Each structure stands twice: as structure tokens, then as C-alpha cells.
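Nothing in this text is a laboratory measurement; each read-out follows from the coordinates by a stated rule. All values derive from a computational prediction rather than experimental measurement. No Cβ is skipped: glycine too gets one built from the backbone with ideal geometry, and neighbour counts run over all protein chains shown.
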Amino acid sequence: MFEFSSKTKQLAIALTVVGAILWIVGFALNGSSSNEADHGHSSHATEHHADASHDDHADAGHDDHADAGHDDHADASHDDHGHAGNDDYPGEAHAAMIESALEHDAHAAHEAHQIANRPWSALYVAAIFFLGLGLGQLFFLGIQYVAQAGWSAGLLRVMEAQAFAIVIPLIVILIISFLGFGHVHHMFHWMVEGIDVQGHPNYDAIIAEKTGFLSPLFFSIRAIVYTVGWIWAAKMLRKNSLLSDSGDGVAMWKKNRGVAAAFTVFYAVTSSTSAWDFIMSIDTHWFSTLFGWYTFAGMFVSSFAALILITLYLKGKGHMEWINENHMHDLGKFMFAFSVFWTYLWFSQFMLIWYADIPEEVTYYMQRFDQYKVPFFTMLTLNFLLPVLAVLSRPAKRVPGTVVMAAFFVLVGHYMDHYVMIMPGTVGDHYGFGLLELGAILFFTGLFIIVVLSSLAKAPLLHKNHPMITESKYFQQ
Amino acid sequence: MGHTKHNPIVRALFNDDDVVLDAVKDLRANGFSVSEVYSPFPIHGLDEALGLKRTRLSTAAFFYGLIGLSFASWLTYYTMIADWPQNIGGKPNAYWFINMPSFVPIMFELTVFFAAHLMCWSYFAVNGLYPGAKAQNPDPRTTDDHFLMEVELEGDEAALTAKLQELGALEISKLED
């Protein structure tokens, strides 16, 4: 039986506390001039917009900020900019505001909002990313029962433990989205007051059409349904699996199969709708029909990377001797296959939009391409090229070294993918990687380790009475 | 097919893949040399049990795929950009790379096409399969529901026969070389 050593626990708690402190310090410094130095924004000239006196733009309007090459904003004062820019990305959530009569004030407020959003966005990106690590394995755990898979029986306890990692990120996501209703931040533009009231300065005709779905009440109901449904599935699958150790393995397996079947259907719908709610609604004007699957694929593949790392950690501690290179080979295959699947969906979404070149769609990618070039291309490389080249061959998947390396970079890549999904719509070009982002990652990493390892330590790592446990032990390929 | 040595061959027929697999392991552990197993379907772990070298077909497939990718890149470049520049939907066509996203489906398909086809041809070539090639399996039942094992006879024939019977062989016959 695995023991969660106090040393590891202390380390995990330290990570959580340090992460929280970093985030709070980052929050306090956010928008102040010291922030810029602290966060080391070498190339993204961001915070200076906030400090600079906005009177400077009186005649310049807002066009200067839209200039794609924001790198050269770094030292220059606002006056030096010409009107090179296209208008602010027309599809961006705040376009209507900018076009209002109070053009300049609205723009200044927009800038200030973007800066104020950053701490919340940083926390949100990490929460979504860590939600994926748990949710992917919760779904995979369900699949094992529905598909009557035998090979994975020895791994189920790790998946069960990992599935519980959804709880804390879900709570954080709920809190952040409910804070949006209270206008604490402006990450979700559709939550702004008067967005669907004709004649209101915040009125936005496009969003007003969408308020049937994106209304605070309906959103809250959906968010709570996801939370309750997913956590219920994780709890039930765990409960029956623990009961099987002391009782009838076949009966409990059958029960779990029912739970898993119900959950799979529920998740088929909620994986898409939750992606629309939690991520796609940030860029409220924009939509993509396969966004849900794309988000799911990213979550699924990063959860495999985490599963591989946890399993190898346990093996390194001398546990799970029944898991050998054949099982690791399969996990490597899943990580590889879903990296390719993610790329397929990413590309399907990108190419249709790029090819059709419709203004309201293509702005989504224009902003990412102009302002987020580095993270955008880095994450494509890490999420597609690296897994393909590193774990394509059979021997590479059977050697822990290459798989661990690939898993680590896949995790980094999918964090960046979520970053590129969320940040452009909330902070615009005021992004960076500093105390806030690092703090949020450390915070969730610590909590992830605590949740997963403590639930692993609560039960034996091997199902005693699982009907297919022997098949798993002799699994070979 | 392992017939290069001048040892006579003993053939044993089985009707279960697990039994064959265990028999191969047992025989090889006891110093017999199993030269071939005929089976209607691939048996998991048999290649390792027989001590076969891993196929290099997968490495070849990677390079076949690269050939396909290069061919597709050249094809799209030549037909869409160089020879007769195509303006489809106002997409940029000044040089290949800026129009590359619209060529990705072609590149993907031809990569798969080349890898799959060349792998098949390689497989046929390596195994000597061509139209009109003579069947090499000694017993037609191995294409249905039986498994045939060929063991080289190096010592006592009675001992080997007894061993094979103990391991579950249904029929045992000796092939004089």
C-alpha cells in the first residue's frame, strides 16, 4: 500500500502556499509600475499603457494600441505611434464599447479592465488546465468500464485518484465565474451590465442575441450541473471500486459499468457545453462548432501525460510491480494518439476559419497570430511535433525516459494552449508570464499532488476482486 | 524457413493458440529449437517466445511517410504555385509556404498513402508473396483453426515426441529432409 510520506506532503503544501503567496503578491503589484520589472516582460510592453497618462491619446484615439507590432511600444511614448493599426480586433468582445460615442474613455476603461483581469485570468488558465488533468482521467476511467477493458485493471486506482483532482479546480472556476457576475473582473464580456439592454452604453447587439444561453441564471445552473454530475461520477466509481475489495468484485464492476455508461453520455454533452461556457464564452462574439471536442482532446491528452508521470512516480517508489512496459506502452500510445487527435481538431478549426476568412471568425486567430505569436507557435510545436517525433517509435514508448520527457512537454504545451485560448479574450496584449501565472500553477500543482497522492494512500493500489485483474497482469503487446 | 540446417523436422499440430505459445516457451527453455509456427492469426507474444528479431517495417514506414510528405509538398508547389499559379478564393499564392495550410490535407493524405502502400509492397517483397506464388504452409488447416509447429530434431526423436504430446500436440509427423 502506498504511503503519502510527510516529506512529500510538506513539499506539496509548500508549493500550494508559495503559489498562493506569489499570486497574492502579483495581484497586489498588478498594474503598478514595479510590476513590469518584476514580471520581466522583455518583449511585450504591456503595463506601461496603464501608467502612462491617458491624456496623451486624446487625439490619437485608440488606434495606436491596435498596431500589431506591439514589441516596439516598449520604450516609446504613445505620441510616437502613428495610426498604423487596424482597428482593435473587430470581433473582440469590447468592440461595441469602443465604437461608442465615448470612444477614448471607453478605450481607457477597456485597457484598465484588461490589466485588472490578469490575476483572475492567470488563476483561471491554471484552474482549467488542472481541471483537464482530472476530468480526462475521469472520462478514461468511465471508458474502461464501458469498454470492458481488461488491460487497465491494474491502473484503475490511479485514475480514480486522479479523477478527484477535478474538485478544487471546479470550485475555483465557479468562484471566478460568479465573481464575474459581481463585476469584480471583466473576463466574460457577456456578464457586463446592460449588455442586452437596447440604448444602454454597454449594449451589444450580437451578445444580446446570445443571452438566451449566456444568461447568469442559465450559466450558473449549467456550471453547477457539471460540477455535481462530474463529482458524483468520480465519487460513485471510487465508492464501488473500494467496496469491491471487501465484497463481490463482479457485482461492483457491473454497478460501476452502469455509472460509467451514464457518465459517458452525460459527459458527451457536458464536455462540449462546458467548453463553450468556461472558455469559448470569453470571446463572446466568436464561435466554433468543434470547440468542445478540441478542448476535450487537449484535456484528455494532458491527463494521459499526468497519468504516466504519476504511474512512473509510483513505480519509482517500488509500487505497482504489476504494471510493466506493456502498460506504459499503451499509455504512451494514448498520449501519442490523442496528441495527433488534438492536432487534427486544432487544425480543422484553424483551417476552415483561415480559408473562409470571414471577419467575425478570423479575428480570433488574427489576434493570436499578431499578439501571441510566441506562445501560439511554441504550443503547436510542443503539442504536435514533439510527441510525434519523440514517442512515434515502439521502443521510445517502452522506455520511461523518453515518455517522461514527452509527457512533461505535453503538459507544458497544453498549459500554453489553454493560455492562448483564454488570455487573448481577457487581457488582450497585456499578457506575460510572471508571479501571477507561476503562482497559480504552483498553487494548483501543490493541491493536485495532495489530492491525488492522499487518495492513492487511502486504498491498496491493486483491485483485489476486479474480474479482469489477471488479464491486466498478463497483458502483453 | 529454417530449413538450411540438415536436421530433420518434426511437425506438431495444435488447436489452441495459448497451448502453442506455452509449448514454444517450454520447448525453447528445454533446449529444443522451434524453427517455425504456422497460425491462422497473429499470436500475441509469439514473436518474443520464438526469439525473432523485431521487424524493421515500422522504421521503413516512417521514411515512406517522409517520401509521401515530400512528394505532396512538391506536387502542391508545382501544380498550385510554380507551373500555373492558382488563385482559389483569393488565397495567397506568391509562394508555397503562405498557402501551406490549404495543402495540409493533401500532404496528410499522400503521407498516409505512401506509407501504407510502400509498406504493403515491402511486406510482399520480403515475404516472397506475388501472384502465383506457391503456398508455403504445410497443412491447409493452419489457415482455419489449427496451429502447426516445426521443431528441429537434434537428438532423441522419442523424447521430442513425448514432450510434444505432453505439451498438447494433436498430431505429430516427421519430415525427412
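Only DSSP H runs of four or more residues enter the estimate; each adds -39500 (n - 2.57), and after division by the residues of the protein assembly as shown the mean residue ellipticity at 222 nm equals -20000 deg cm²/dmol.
Shielding value for B:59-67 is 1, the average number of Cβ atoms from other chains within 10 Å of each residue's Cβ.
Take every residue in peptide A:247-255, count the Cβ atoms of other chains within 10 Å of its Cβ, and give the average of those counts.
That average works out to 0.
Here r is the Cβ-Cβ distance between B:Phe71 and A:Glu360 and R0 is 30 Å; the resulting FRET efficiency, rounded to 0.05, is 0.20. If the cut-off is a Cα-Cα distance under 17 Å, which lysines reach A:Lys397, setting aside same-chain residues fewer than 8 apart in sequence? By straight Cα distance, A:Lys397 reaches A:Lys315, A:Lys333. As I understand it, the value is the acute angle between the Cα axis of helix B:157-166 and the longest principal axis of the Cα atoms of chain B; what does it come to in degrees, rounded to 10? In chain B, helix B:157-166 runs at an angle near 70 degrees to the longest axis.
The label point for A:Phe369 and the one for A:Lys235, both projected 7 Å from the Cα toward the Cβ, are 4.8 nm apart. Charge tally around A:Met320: other residues with Cβ under 12 Å, Lys/Arg +1 each, Asp/Glu -1 each, net +3. Modelled label positions at A:Val184 and B:Val126, each set 7 Å beyond Cα in the direction of Cβ, lie 6.1 nm from each other. Rounded to the nearest 10 degrees, the inclination of helix B:100-127 to the longest alpha-carbon principal axis of chain B is 30 degrees. The distance separating the Cα centre of segment B:128-177 from that of segment A:316-375 comes to 49 Å. A viscosity of 1.306 mPa s and a temperature of 10 °C, combined with the Kirkwood radius over Cα pairs in Stokes-Einstein, give a translational diffusion coefficient for the protein assembly as shown of 56 µm²/s. Across all directions, the average flat footprint of the convex hull enclosing the Cα atoms of segment A:212-336 is 10.1 nm². How many lysine pairs are close in chain B, with Cα atoms under 19 Å apart and the two 8 or more places apart or on different chains? Lysine pairs satisfying the spacing and distance rule in chain B number 4.
For the pair B:Arg56 and A:Phe408, label points projected 7 Å from Cα toward Cβ lie 3.3 nm apart.
Over all alpha-carbon pairs in segment A:325-462, figure out the percentage whose distance exceeds 22 Å. Of all Cα-Cα distances in segment A:325-462, 53 percent exceed 22 Å.
Remark: B:Leu21, B:Leu170 ranked as B:Leu170, B:Leu21, counting other beta-carbon atoms within 10 Å and listing the fewest first.
As an exercise, use a Förster radius of 41 Å and the Cβ-Cβ distance of A:Asp248 and B:Asp26 to find the FRET efficiency, rounded to the nearest 0.05. For A:Asp248 and B:Asp26, the calculated efficiency is 0.70. Fewest neighbouring Cβ atoms within 10 Å first, the residues A:Tyr419, B:Tyr95, B:Tyr38 line up as B:Tyr95, B:Tyr38, A:Tyr419.
Below 8 Å between Cα atoms, with a sequence gap of 6+, how large is the relative contact order for segment B:57-127 in percent? RCO, segment B:57-127: 51 percent.
As a proxy for reagent exposure, ranking A:Glu325, A:Glu361 by other Cβ atoms within 10 Å from fewest up yields A:Glu325, A:Glu361. Computed over segment B:57-127, the P(r) curve from all C-alpha pair distances, binned at 5 Å from the origin, holds 3, 18, 22, 18, 12, 10, 7, 5, 2, 1, 0 percent per bin.
Across peptide B:38-44, the mean count of Cβ atoms from other chains lying within 10 Å of each residue's own Cβ comes to 1.
Once the Cα atoms are used to define both axes, helix B:57-76 deviates from the longest principal axis of chain B by about 20 degrees.
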